[in-house]
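The values are calculated or read from the model by the stated rules, or taken from the named source; none is laboratory data. No experiment lies behind these values; they were computed from the predicted model shown. When we count neighbours, we look across all protein chains shown, and the Cβ atoms used for this are built from the backbone with ideal geometry, even at glycine.
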Amino acid sequence: MVNDLWYKNAIIYCLSVGTFMDANGDGVGDFRGLLRRLDYLQGLGITTIWLMPFQPSPGRDNGYDITDYYNVDPRYGSLGDFTEFTHACHQRGLRVMIDLVVNHTSDQHPWFREARRDPESKYRDWYVWSKKRPAHAKDGVVFPGVQKSTWTYDKEASMWYFHRFYEFQPDLNTASPFVQAELLKIMGFWIQLGVSGFRMDAVPFVIATKGAQVKRPVEQYDMLRTFREFLQWRKGDAIILAEANVLPDTDMKYFGDAGERLQMMFNFQVNQNTFYALASADVAPLKNALEATKWRAATAQWGVFLRNHDELDLGRLSPKQRETVFAAFGPDPAMQLYNRGIRRRLAPMLDGDRRRLELAYSLMLTLPGTPVVRYGDEIGMGDDLRLPERESVRTPMQWSTEPHAGFTKHDRPVCPVISGGPYGFERVNVASQRRDPNSLLNWIERMIRMRKEVPEISWGDFAILKASRDDVLALRYHWRNNSVVCVHNFSAAACTVKFRVGSKVGENDVLVNLLSDDHSQGNAKGQHTVVLEPYGYRWFRVGGLDYLLKRSEV
Ligand code: NOJ
C-alpha cells in the first residue's frame with residue numbers, strides 16, 4: 001500500500017521541454033536535450049517530472065492551445081523521441097506526468113476548423129455555440145485586462161462560441177458523450193506511452209455546465225470519478241493532479257469523500273497564505289488555511305508549491321492581505337497581473353536573500369502534501385519583466401556561463417535567456433552551483449534527500465503546535481509511531497520559541513535535529529525552548545538518539 005501510492009512521497013519537478021535544453025541547436029528545447037539532462041534531475045533527487053504541454057500548438061498560450069492531442073510538436077521532437085525519453089526516465093526510476101488540457105482546444109485544431117466550417121459536421125456539437133451574443137458574454141473572464149469576453153463571434157459559422165480563456169481557445173463541450181469518450185482516449189493514449197498520470201488543466205471549467213443559457217455554471221463532479229475509474233482500469237497506479245483553484249469547502253468534491261475522485265490537487269489556499277506569511281511574518285492566516293484544507297481521504301494528497309508557470313495568484317486573500325503581498329513582493333504595477341497576481345519568480349521576490357529562500361523552500365518541503373518544484377527555482381533563477389504577461393517567468397534554464405546559458409548553440413533562442421544583473425546566467429547557473437558545496441542547488445539537493453526520508457510528512461496526520469510566538473509556525477506530523485516537528489521563523493529577527501510536542505509522544509523526548517547537531521531536550525513538563533536565527537528553520541524527529549533505528553522499523 002505504501003509503495004503503491006507513489007505520489008504521496010514524491011517530489012515533482014515541472015518543466016517546459018521548449019525552454020529546458022536544446023540538443024539540435026535550432027534554438028528550441030527538445031526531448032533529446034531533456035534526455036541529456038535526466039541525470040541532473042535524478043541527482044537533484046526529484047522522483048517525478050511533470051511536462052507542460054508539448055503537443056503540436058500554434059503556441060499562443062505556451063502550448064495550452066493544442067491542435068493535435070496525439071502527437072509531439074515537431075519543434076520538440078517526435079513520438080519516438082518521447083518514448084525514448086520516458087524509457088530513459090523509467091530506467092532511472094523517474095516517473096513522468098504530463099499536462100492534460102481538455103477544457104479547450106486551439107482554434108486551429110481540425111475539430112474546431114471543421115466545426116465552424118460545416119454546421120452538419122459531427123464536430124459542431126463538440127464546441128459551445130450561440131446564435132446571439134449571450135447577455136452575460138462579459139462575465140467570467142480569466143485574464144482580465146487582456147481577455148475582453150468569454151464569447152466571440154465567428155464569421156465562418158455566423159455564430160458566437162464560448163471560450164473560458166483567450167478567444168483562440170474555444171471551449172470543448174465537455175458534456176457531450178463524444179467529447180468525453182475522446183478525452184478518455186487521450187488519457188489512454190499517453191498512459192500506453194508510459195506516463196504515470198496527468199496534471200489536469202482548469203478542472204473546475206472542464207466539469208462545469210457550459211452554454212448561452214448558463215448563468216451560473218454548475219460543476220458535474222461525477223465526471224471526475226469517470227476519469228479516475230478509466231485511468232485505473234488502464235493502469236492501476238496512474239493519477240490525476242487537478243489544477244483547481246477553489247475554496248476549501250469544495251475541496252472534498254474534487255477528492256471525493258472516500259477518495260473516489262481525483263488523487264491530487266494543488267493547494268492554492270495554502271500557497272497564497274504562505275506568501276502572505278512570507279510578506280508579513282504573520283502566520284495566523286496560513287494556520288487557518290492549513291486547518292481549512294486538512295480533511296481528506298487517506299489516498300488523497302495535496303500538491304504544495306511556491307511558484308509555477310503562471311502569475312502568483314493572490315485572488316483568495318482579502319484585499320488588505322493582497323496589498324501587503326503586493327507591497328512586499330511586487331510593488332511596481334509592471335510586476336502585477338490580472339489585478340490579482342504577481343508575475344515574478346521566487347528568488348527576486350525574496351530579494352535573492354538566501355535565508356528567506358531557504359525558509360520558503362524548507363517550508364514547502366514540510367507542508368502537508370507532495371512538493372512541486374518549478375524548474376530553475378532550484379538555482380534561484382530570476383524573471384524578465386520586459387516579456388509580456390506570464391512569459392516573464394518562463395525564460396530558458398540557465399545551465400552554464402556559455403553563451404545563452406548553455407541552453408542552446410543557436411544565436412537566437414526561442415525566448416531570451418536572462419543575462420546580466422544579479423540573476424543573469426553569468427551569475428546564476430547550474431555549472432557554477434554544482435561546484436560550490438554551499439550553493440542553493442546543493443542545499444536543495446540535501447533537503448530533498450532528507451524530505452524523502454521523512455515519510456511522516458507525506459503520510460501522517462499533522463497538528464499545528466501551540467508556539468509561544470505568532471511569527472513561528474510549528475507543525476508536528478505523526479505516522480506509525482514516528483513523529484517529526486518542523487519549525488519555521490518568518491521574522492527577520494532571531495527569536496526564542498517555546499512549544500510542547502503534545503500528548504501522543506513521550507513528554508521527555510529529545511527532538512533530534514535532522515539537519516544539524518543541535519538537538520533539543522524538553523523540560524520536565526515536556527516544553528521545548530528553541531532559539532531560531534532570522535528566518536531560521538528546524539526539522540526534528542521526535543525520540544531518542546536511536547531515531548534512525550525507529551525509522552528502519554517503518
Ligand atoms: C491554466 C494554465 O496553468 C495556464 O497557463 C493556461 O493559460 C490556462 N490554464 C489555460 O489553459
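Summary of values
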{"item": "Verdict on Ile46 being under 25 Å from Pro455 (Cα atoms) and touching a Pro at 6+ places or on another chain (Cβ under 6 Å)", "result": "no"}
{"item": "Members of the stretch 70-87 that are within 22 Å of the chain's Cα centre (by Cα) and over 15 Å from Met21 (Cα atoms)", "result": "Thr86"}
{"item": "Options Phe189, Phe165, Phe198; residue that is outside any strand (DSSP E or B) and either over 27 Å from the mean Cα position of the chain (by Cα) or within 16 Å of the ligand (Cβ to nearest atom) (or both)", "result": "Phe165"}
{"item": "Those helices (runs of 4 or more DSSP H) lying entirely in the stretch 415-468 with at least 1 residues within 23 Å of the chain's Cα centre (by Cα) and surrounded by fewer than 18 Cβ atoms within 10 Å (Cβ to Cβ)", "result": "440-452"}
{"item": "Selection from the stretch 379-414 of residues that are away from the ligand (no atom under 16 Å from the Cβ), under 21 Å from the mean Cα position of the chain (by Cα) and not aliphatic (A, V, I, L, M)", "result": "Gly380, Gly382, Asp384, Pro396, Gln398"}
{"item": "Arg60 vs. criteria within 13 Å of the ligand (Cβ to nearest atom) and either of a type in the set (Ser, Thr, Tyr) or not in a helix (DSSP H, G or I) (or both)", "result": "yes"}
{"item": "Residue ranges of helices (runs of 4 or more DSSP H) in the stretch 240-329 with at least 3 members surrounded by 22 or more Cβ atoms within 10 Å (Cβ to Cβ), touching a helix residue (DSSP H, G or I) at 6+ places or on another chain (Cβ under 7 Å) and of a type outside the set (A, V, I, L, M)", "result": "268-280"}
{"item": "Condition broken by Ala175, with the remaining ones in (1) of a type outside the set (Asp, Glu); (2) more than 16 Å from the ligand (Cβ to nearest atom); (3) not in a loop (DSSP other than H, G, I, E, B) satisfied", "result": "(3)"}
{"item": "Residue list for the stretch 63-121, restricted to those being hydroxyl-bearing (Ser, Thr, Tyr), touching a helix residue (DSSP H, G or I) at 6+ places or on another chain (Cβ under 7 Å) and away from the ligand (no atom under 14 Å from the Cβ)", "result": "Tyr70, Tyr76, Ser121"}
{"item": "Of all residues in the stretch 48-77 being among the hydroxyl-bearing types (Ser, Thr, Tyr) and touching a Ser or Thr at 6+ places or on another chain (Cβ under 9 Å), the one that is nearest to Asp310 (Cα to Cα)", "result": "Tyr64"}
{"item": "Filter pass, Phe305 being within 16 Å of the ligand (Cβ to nearest atom) and assigned by TED's automatic domain parsing to the domain that holds Arg228", "result": "yes"}
{"item": "Selection within the stretch 43-57 - crowded, with 16+ Cβ neighbours inside 10 Å and away from the ligand (no atom under 16 Å from the Cβ)", "result": "Leu44, Gly45, Ile46, Thr47, Thr48, Ile49"}
{"item": "Flag if Phe407 is farther than 20 Å from Trp50 by Cα, in the same structural domain as Thr48 (by TED's automatic domain parsing), out of contact with any strand residue (DSSP E or B) (no Cβ under 8 Å at 6 or more places or on another chain) and crowded, with 23+ Cβ neighbours inside 10 Å", "result": "no"}
{"item": "Number of the condition not met by Met52 [criteria: (1) over 17 Å from the mean Cα position of the chain (by Cα); (2) closer than 26 Å to Pro416 by Cα; (3) not aromatic (Phe, Trp, Tyr)]", "result": "(1)"}
{"item": "Only listed residue being charged (D, E, K, R) and touching a Cys at 6+ places or on another chain (Cβ under 8 Å), chosen from Arg394, Arg435, Arg427", "result": "Arg394"}
{"item": "Scan of the stretch 201-231 for residues that are under 23 Å from the mean Cα position of the chain (by Cα), free of Cβ contacts under 8 Å to residues at least 40 places away in the same chain and over 20 Å from Thr105 (Cβ atoms), ordered by number", "result": "Glu219, Leu224, Arg225, Arg228"}
{"item": "Residues satisfying the stated conditions in the stretch 241-260, i.e. among the aliphatic types (A, V, I, L, M) and within 16 Å of the ligand (Cβ to nearest atom)", "result": "Leu241, Ala242, Ala244, Val246"}
{"item": "Residue list for the stretch 126-162, filter: assigned to a loop (DSSP other than H, G, I, E, B), of a type in the set (D, E, K, R) and in contact with a strand residue (DSSP E or B) (Cβ under 9 Å, 6 or more places away or on another chain)", "result": "Lys131, Lys132, Arg133, Lys138"}
